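The values are calculated or read from the model by the stated rules, or taken from the named source; none is laboratory data. As the structure is a computational prediction, the values presented were derived from the model and not from experiment. Don't worry about glycine lacking a Cβ; one is built from the backbone with ideal geometry, like all the others, and counts go over all protein chains shown. We work out accessible area using only protein heavy atoms, side chains counted, and drop any ligands, DNA or RNA first. Shrake-Rupley method; radii C 1.70, N 1.55, O 1.52, S 1.80 Å.
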Amino acid sequence: MTCMYVQLLLISVATALACALPGNFLILRGTALISDALSHAILFGIVVTFLIVGNINSPLIFFGAIVSGLFTVTMTEMLTKSGKLNHDAAIGLTFPFLFSIAVILINLFANNVHLDTDAILVGELAFAPFHKLCIFGHDCGPVALWSMSAILCINITCISYFYKELQLTTFDSLYAQTMGYPPRLFHYLLMLLTSITIIQAFHTTGTILVISFIVTPAATAYLITQKLQQMIFLSCLLAIIGVLAGFLLAHHLDSSIAGSISLANGLIFFLVMLNKKIRPN
Amino acid sequence: MITTFYKILLGTTLVGITTGIVGCFTLLNKQSLLGDTIAHATLPGLTGIFLIILQKQYTLLLCGAATTGLLGAVLVQYITHTTKLKKDAALGIVLSTFFGIGIIFLTMIQKLPTAHQAGIDKFLFGQAATLLNSDIIVLAILSCIIIGAIIFAWKELKIISFDPAYAQAIGLPIQKIHALLLILIVLTVIVGLQTVGLILMSSFLISPAAAARQWTNKLHVMIFLSIFFSLIATTTGTVISYNYAHIPTGPTIVIIATMITLISIIIAPSGIIATQFRQRCRNRS
């Protein structure tokens, strides 16, 4: 029992860290709600690929989800560029559309077959330790832990390797352009990282609470510091504190873990905000 | 004696009219995604009240939903005004925190031994078939309040939507008008909760208005067109979900409304095809 609890905790920490990293750049670019759009749109990709392939564990599902995530980003940008809609209306129009199609497809063809609408909304973290990864008959721990750690490694590698480029395109895209770093390329890199993170996190947190994992720790860190490097480290620290506090909360209330972590993240944010208000520096 | 179908249709029509009107103002004020946050923020109020009274007392549930929805909207304003965070971050934080609390309450409700819990999760994706006669009366009163408030403050709302700088210059109470708009959005979300569901409510505030905006520059024409488009979507959605029990109403309505918007963006007089055509003519001459 304790072993399972530790595994749950490790999965949640890996998820929180992987989500918080790209969150920093999304907050600074003012595109935090693209995480909302991506998490809904990704469901569309998962459902459609699942209906074609017929196997929920197929690696193709991953690619289907990435394609639908990037499709959403491109579509909102096209709608905004056409001048017919402003940016937030374009976001608010695109993702509910794809999400609605996904929900109807689930209700028509796939209900109770590994996908149901409740699990999608709130995630199924509590079941994650039961899906074990077996290599040559050895039990190597839950699949979710391995896949989430892999995503975390990808995020750390990409962000540290392209740190300078991401920093430059975030703070001064015009200058970045003249220096020969195309801002659009790095915008799409960030969207790609966010998409693959959400696809994995999605299983544990559900569609909507993943926003808390991405946006809230980074936003809290942004209230505390001005420096990007400090902000990234702080957001990771806050993400871990949020997970621990959320676990305590979930244990006391005997309730949803992902929901409790979101609440803990939010409470930390409001505490920091009030503290800043009462004692400015 | 009205039949069940017409009763449901009456309910969704009320939703169509109110979202059609209020959606125009949120779109013009660039508040589109605020509706999303408010809709998600109603969940803790809805489920919290249910945990206290343990029965589906519709009016009280809606009061709870309105309270937390409004609280969420006020918090978004507070965060954007007092911190250096941008609006999208504030929306994301409030949305996910409130929804998290709602999910905690929802899992508590699902653990209750009583059979009363049935129906609360219908608020997520909306199921118009669960509307009762008394619910319709509540919806009708709310709709009248919304429409009445808009007629009452028509001139102010119009000026603030098209020219906020001018509104400031002639000394209109901008803060109060924005607060009124906020309350109107919350009420509209409440009206739509049971039919469209709180997850997809935001889209339904955006798409009919966005479609109408493509066809006209006049506010009153835009509002009538918006009501017209949203009624097409609600009626078709109701008919489909009434005949197929396992299709929720919300997603059906959203798909139809978005299709209308996309078609409008392409074929309207100021749309993509017309713009391309005009450009080509200009290039030739």
Among (1) touching a residue at least 60 places away in the same chain (Cβ under 8 Å); (2) open to solvent by less than 10 Å² (accessible area, probe 1.4 Å); (3) within 25 Å of B:Ala268 (Cβ to Cβ); (4) of a type outside the set (Asp, Glu), the one test that B:Ala211 misses:
(1)
What's the total number of residues in region A:148-197 that are under 30 Å from A:Ile11 (Cβ atoms) and of a type in the set (D, E, K, R)?
0
Top-ranked residue in region A:207-236 [being farther than 26 Å from B:Met108 by Cα, among the hydroxyl-bearing types (Ser, Thr, Tyr) and in contact (Cβ under 8 Å) with a residue 12 or more places away in the chain; ranked as nearest to the other protein chains (Cβ to nearest Cβ)]
A:Tyr222
For region A:13-33, what are the residues that are modelled with pLDDT under 90 and crowded, with 24+ Cβ neighbours inside 10 Å?
A:Ala32, A:Leu33
Of A:Ala239, A:Ala176, the only residue that is open to solvent by less than 10 Å² (accessible area, probe 1.4 Å), more than 9 Å from chain B (Cβ to nearest Cβ), in a helix (DSSP H, G or I) and modelled with pLDDT under 85 is A:Ala176
Of A:Ile261, A:Ile268, the only residue that is under 22 Å from B:Leu198 (Cβ atoms), within 13 Å of chain B (Cβ to nearest Cβ) and either touching a residue at least 24 places away in the same chain (Cβ under 8 Å) or assigned to a helix (DSSP H, G or I) (or both) is A:Ile261
Regarding region B:232-245, can at least one residue be identified that is within 9 Å of chain A (Cβ to nearest Cβ) and over 25 Å from the mean Cα position of the chain (by Cα)?
no
Hey, among B:Leu85, B:Leu43, which residue is free of Cβ contacts under 8 Å to residues at least 12 places away in the same chain, out of contact with any strand residue (DSSP E or B) (no Cβ under 8 Å at 6 or more places or on another chain) and open to solvent by less than 50 Å² (accessible area, probe 1.4 Å)?
B:Leu85
With the requirement that a residue be of a type in the set (S, T, N, Q) and under 23 Å from B:Asp88 (Cα atoms), what does region A:35-73 give you?
A:Ser35, A:Ser39, A:Ser68, A:Thr72
Looking only at residues that are part of a helix (DSSP H, G or I) and of a type in the set (Ser, Thr, Tyr) in region B:252-285, which one is farthest from B:Ser230 (Cα to Cα)?
B:Thr275
